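Single-structure report; data block below.
Laboratory data are not the source of any read-out in this text; all were calculated from the coordinates shown. The structure presented is a predicted model; accordingly, all values stated were derived computationally and were not measured. Cβ sites come from the backbone with ideal geometry, for glycine too, and all protein chains shown count toward neighbours.
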Amino acid sequence: MTPLLELKGISRFFGGLAALTDVSFEVRKDEILGLIGPNGAGKTTLFNVVNGFYAPSRGEVFFKGERISGLKPHQVCARGLARTFQVVKPLQRMSVLDNVIASAFLRAKSKAQAVQIAGEVLHLTGLYDDREVISKGLPLGKRKRLEIARALATKPELILLDESFAGLNPTEQNESIDIIRKIKEIGITIMIIEHNMKVIMSISDRIIVLNYGQKIAEGSPEETRNNPLVIEAYLGEA
Amino acid sequence: MKKIAPTLIVAAIAVLPLLGLSTYILHVLILTIMWSVIGMAWNLLGGFCGQVSFGHAAFFGVGAYTSGILYNKFGISAWWGMPASIGVVAVFALFIGFITLRLRGPFFALGTLAVGVILRVTAENLPDVTEGNLGIMIRERSWVDKTWYFYIILTLAVLVFLLVKKVVGSRLGYYFVAIREDQDAAESLGINTTYYKTIALCLSAVITGLAGAFYTNYMGYIDPKVVFALHDISIVVIMVVMVGGVATFWGPVVGSAIMVLLAELIRSIPMLGAAHLTFFGVLLIVIIIFLPNGIIGDIPKLKRLLGIRKNL
Amino acid sequence: MTSVQLEVLLQTIISGIFLGGLYALLAIGMTLIMGVMKIINLAHGELMMVGMYIAYALFSFFKIDPYIAVFIAAPVLFGLGVLLQKFLINPVMKVDSILPENQVILTVGIGMVLANLATIFFSSDYRSTPVTYATKAWYISDFWKDSPLELSISLPWSVSFFFAILITAVLWFFLTKTDLGKSIRATAQDNDAALLMGVNVMRMRMLTFGLGSSLVGAAGCLFLPIYYLFPDIGGQFTLIAFVITILGGLGSTVGAILGGLVLGVFESLTATYVGMGWAPVGRFIIFIAVLIFIPGGIVSLFKK
């Protein structure tokens, strides 16, 4: 069976600096794949390469067997791969509902259908009661969820979540964990970047560890936790 | 009430010529409506889609010259310029969009500004096509009376108003605003930003070109300095929208009424006539500092300011 | 190529370099402002026009030579720039609005007011400053009798060019050798880092806008013996300065100098070989071509 997403030997250079070096791995359908690593390990760069903001300097990305490296972000999204941003980018002067409608139009044939999709997604992410709020005025926790809601409204098969937990209080974190489990239940595969070890260990099926742009480990949460290389990478940072 | 208000306003404007208004007042009304049309066009691209153009005179001028050249070189009525300008301006805007839309923010603004200036200088230097600085004169005027011109531009304005409303409420409108608010986010949500920015530019340009073609017919004379003017067209249309209200439906109408009346008022006072750009400039500065989203856009702020005064 | 054609070509290139030197001075002011404040100042040419009228008034009323007027116009423009920055531009940078281009539009408004005020005070007539040396020139044959080619160098052009180089050198010294200059450059490179290192960013902005204005004011004085003066002269120079900044590379002083020279020579060539009226078109074709093909400007070519 072809994996849902496959990275083959991805490198990305900025000037002379290598942000990613020869990274290869795959994302299997219906799993939650955690992507961890110290600051500056190249996690967000990897998302930017997968999502089409950067073309890889070397290597290829395949989604459902089709080569997507070299496509523009909107083309990647149209093929069923959505993402969120670490630094949230809500459409500031639009209401929460309009934010989600704007992305629901990707699959909707009419405005009514877009509104309907948006409604479903807002219920799923627990933002329905805030739908009329102008998104600039949302607290951070809800803005992070709005990011997820917008990505979901494009009806993806794979969703890339970039630090959806950073800056949330414990209650909000638990809510977000529930949301991610629900997303998995409706059949969407998830790749998630996260710093919070407790969260990532509890939700991930598998974990990939990046350090200095290289993949240093891959395996179950249990294996990763006990991997000496991983421990060293994190202790080295501390 | 809110639903029928636009119909009432249009109806009220439409009966105005029947009241036997003076030619001068009718002229001011025609100018106001024409500027509303250009303002609505600019607002679609600048206000809703966030692509601030400093070169709308280019589209106005191309529309105007389409009309003028059809009359001057091909000997057919300049009115054919209105339908013809749709195609000509659309093709022109596609080309300009291809060059300028890869630029972002202020760079797009200055790219379009450059386009406007290039066209003016080109028109000045190609007398075989444009008659150069001599300009083109429409010798056979359709009507002496201004009533018909009034109804033609009013019809155009109503159609454009409805079109803008329709577009903004649709998928296009959502995409335009998404692009304005965050181009990267829009792109990653599956919106082909280049494609939709091009659509916004073409729509805006075609409407502006129609106003230009109307201008040729109405004024009966065009030259490069008038129709490709940087200050008197490209900047004035920005002011119309900024004063009235960016990204609002009625903003361009309100802004155009204020700007045209102000211009006429200043012109009618000989002492102030020479200083009209100072007034415009100061108005622009005041609006940007105190009402950055225009009169309609900052109604809540205006109310608050006035409310405070009442409490005092 | 006959010797006459060669003479025309060389003469064209020489005038282009002289023009380019003055353009560079004009553009350095804009690029400084752009680098430090991240705003595009579309009133730049109008500030130059103000400098020109100051020099013109000084000459008409007090018979002060335009080259001396540099020392008066530059400080006056400095003050004007600081005031504009403090009371108009700064407040707008803090206001939240739908269009971030508000500050650009603001500078357009400032430019309109300045140009219009000049019309009110000086009327829209074309004026020139009848300096005694206006038409004086040096000829190669004066120095070298048997020169195979005859070339001339206009006196006011060469003096203005010399002044432009001098001012640029002083500015370079200020920016690279003094603490204040270094703070300005730090602010341009990284606003936040400069702030953390204790640089008073607000003050640097005011200073930069003042400095940029005084440079362009000085350029105005240097242009006065050469050009006609009228109130709307500013607009075209704003565009020239902007085209050069893009051509050279945003925020780069070296780029502004190179860009100025390139544009000067190019315009001079266009004027000679295509026609006077086409110079602005050539200018904008360069502008658009640079935006498309070398978006980082000339400076970026050297970095590779």
So which chymotrypsin sites (Phe, Trp or Tyr not before Pro) in the stretch B:150-212 are both in a DSSP loop and have at most 14 other Cβ atoms within 10 Å of their Cβ? none
Mind listing the Cα extents of the stretch B:227-286 along all three principal axes, in Å, largest one first? 36, 23, 21
With Rh as the Kirkwood radius over Cα pairs, the stretch A:145-238 has Rg/Rh of 0.99
With 10 angstrom as the radius, rank A:L35, B:L162 by how many other C-beta atoms surround their C-beta, starting from the fewest. B:L162, A:L35
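Starting with the fewest neighbours, write out B:V121, C:V131 ranked by other beta-carbon atoms found within 10 Å of each beta-carbon.
Lowest count first: C:V131, B:V121.
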Only Lys, Arg (+1) and Asp, Glu (-1) charged, at Cβ; chain A dipole about Cα centre in debye: 900
0 to 90° range, to nearest 10: angle between helix C:102-122 axis and chain C longest Cα axis: 50
In degrees, nearest 10, range 0 to 90: what is the angle between the Cα axis of helix C:253-273 and the longest Cα principal axis of chain C? 40
As a test of the definition: which semi-axes, in Å, follow for chain B when you take the square root of five times each eigenvalue of its alpha carbon gyration tensor? Largest first, please. 29, 26, 19
Largest to smallest principal axis extent of the C-alpha atoms in the protein assembly as shown, angstrom: 90, 79, 67
For the stretch A:1-84, one quarter of the surface area of the C-alpha convex hull, expressed in nm², comes to 5.6
Expressed as a whole number, the average count of other chain Cβ atoms within 10 Å around the Cβ atoms of A:94-102 is 4
Work out the charge dipole of the stretch B:22-230 with +1 on the Cβ of Lys and Arg and -1 on the Cβ of Asp and Glu about the Cα centre, then indicate which of B:G68, B:A200, B:F107 is farthest towards its positive end. B:A200
Rounded to the nearest Å, the spacing of the alpha-carbon centers of the stretch C:1-67 and the stretch A:31-67 is 50
Remind me, relative contact order of the stretch B:22-230 in percent, using alpha carbon pairs under 8 angstrom and six or more residues apart? 44
Calculated SAXS-style log₁₀ I(q)/I(0) at q = 0.09, 0.11, 0.12 Å⁻¹ - the stretch C:40-180, Debye, Cα scatterers: -0.44, -0.62, -0.71
Express in whole angstrom the spacing between the alpha-carbon centres of the stretch C:242-292 and the stretch A:144-222. 51
By the DSSP-based rule, helices of chain A that are at least 15 Å long along the axis (C-alpha) and have a mean Kyte score of at least 0.0 are A:111-124
Determine the principal axes of the Cα atoms in chain C, then give the extent along each, sorted from largest to smallest and rounded to whole angstroms. 65, 52, 38
Dipole magnitude of the stretch A:135-233 about its Cα centre, charges +1 at Lys/Arg Cβ and -1 at Asp/Glu Cβ only, in debye to the nearest 20? 480
Specify the residue with the greatest mean-square fluctuation among C:I292, C:I39, C:I89, computed from a Gaussian network of chain C linking alpha-carbon atoms under 10 Å apart. C:I292
What is the distance in Å between the Cα centroid of the stretch B:114-138 and that of the stretch A:1-27? 55
How far, in degrees from 0 to 90, does helix C:66-84 lean away from the longest principal axis of the Cα atoms of chain C, to the nearest 10? 20
GNM, chain A, Cα, under 10 Å: largest mean-square fluctuation among A:G65, A:G167, A:G15? A:G15
Across the Cα atoms of the stretch B:1-73, what radius of gyration and what greatest pairwise Cα-Cα distance (Dmax) are found, in Å? 16.4, 51
How big is the charge dipole of chain B about its Cα centre, in debye rounded to the nearest 20, if each Lys and Arg gets +1 on its Cβ and each Asp and Glu gets -1 on its Cβ? 900
Based on the alpha-carbon gyration tensor of the stretch A:70-135 and its eigenvalue square roots a ≥ b ≥ c, which shape applies: rounded if a/c is under 1.5, prolate if not and a/b is larger than b/c, or oblate? oblate
Using only alpha carbons, build the gyration tensor for chain A and give me the equivalent ellipsoid semi-axes, biggest first, whole Å. 29, 21, 16
Averaged over peptide B:235-248, how many Cβ atoms belonging to another chain are found within 10 Å of each residue's Cβ? 2
For chain C, calculate the relative contact order in percent as a whole number, restricting contacts to Cα pairs under 8 Å that are 6 or more residues apart. 38
Can you tell me which of C:V243, C:V281, C:V70 moves the most in a GNM of chain C? Springs connect C-alpha atoms under 10 Å apart. C:V281
Per-residue Cβ counts within 10 Å, from other chains only, averaged over C:284-292: what number is that? 5
Ranked list, fewest to most other Cβ atoms within 10 Å of each Cβ, for C:I64, C:I246, A:I200: C:I64, A:I200, C:I246
Which one, A:L35, A:T45, A:G80, is farthest towards the positive end of the dipole of chain A when Lys and Arg carry +1 and Asp and Glu -1 on their Cβ? A:G80
